[in-house]
1. Relative to the longest principal axis of the chain, what angle (0 to 90°, nearest 10) does the C-alpha long axis of helix 108-118 take?
2. Note the angle between two axes, namely the Cα long axis of helix 72-85 and the longest principal axis of the Cα atoms of the chain, as a number of degrees from 0 to 90, rounded to the nearest 10.
3. With all distinct Cα pairs included, what does the Kirkwood hydrodynamic radius of segment 1-68 come out to in Å, to one decimal, could you say?
4. Please list 3J(HN,Hα) in residue order for segment 97-107, calculated via the Karplus relation 6.51 cos²θ - 1.76 cosθ + 1.60 where θ = phi - 60°; whole Hz, with x for glycine and proline.
5. Given the -39500 (n - 2.57) contribution per DSSP H run of 4+ residues, what per-residue ellipticity at 222 nm results for the chain, rounded to the nearest 500 deg cm²/dmol?
6. Normalising by the residue count of segment 10-87, find the relative contact order in percent from Cα pairs under 8 Å and 6+ residues apart.
Amino acid sequence: MGVWDVAALADAMPAEQYRSWLAYAEIEPFGEIQADLRAGAIARVVAEPNRDRDAHSAPFTVLDFIPWIMTEERLAEKDAERELTLASPEEQAAIAERRAMVLAGIDPDEIETMIEAEG
């Protein structure tokens with residue numbers, strides 16, 4: 001069994017041993033971030049030969065398979081989402097209504113066309 005009390009482990013570990021672990025991590029990185037990078041590399045190797053070059057002309061990168069890493073494209077998407085949150089309350093309500101219709105399987109454009117035809 002391992003030590004579950006991180007504070008107790010930090011108190012018990014000599015500074016020299018801690019420095020040794022830091023040096024080891026420089027040589028052979030470990031942890032969840034490194035695991036995600038490894039998984040992204042494997043996913044890229046599998047996906048690249050099967051890439052639809054018409055739909056996705058640029059080769060895949062490891063970062064394409066790690067959604068929490070912010071690329072320029074993902075930052076642009078977040079900026080677009082941020083613009084929605086800066087909309088007025090009325091605009092936010094209209095956006096929420098359209099999204100609810102889509103989730104319910106209703107085409108909002110079709111509903112608008114029907115309303116205009118009745119009016």
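Coordinate-derived values only; no laboratory data. Just so it is clear, the structure is predicted and the values come from calculations on it, not from any experiment.
1. For 108-118 against the chain, the angle is about 10 degrees.
2. Helix 72-85 sits at roughly 50 degrees to that axis.
3. That comes to 15.2 Å for segment 1-68.
4. Each residue of segment 97-107 in turn: 5, 4, 4, 4, 4, 4, 4, 7, x, 9, 7 Hz.
5. Working: 6 runs with 76 residues, N = 119.
Result for the chain, helices only: -20000 deg cm²/dmol.
6. Relative contact order for segment 10-87 comes out at 25 percent.
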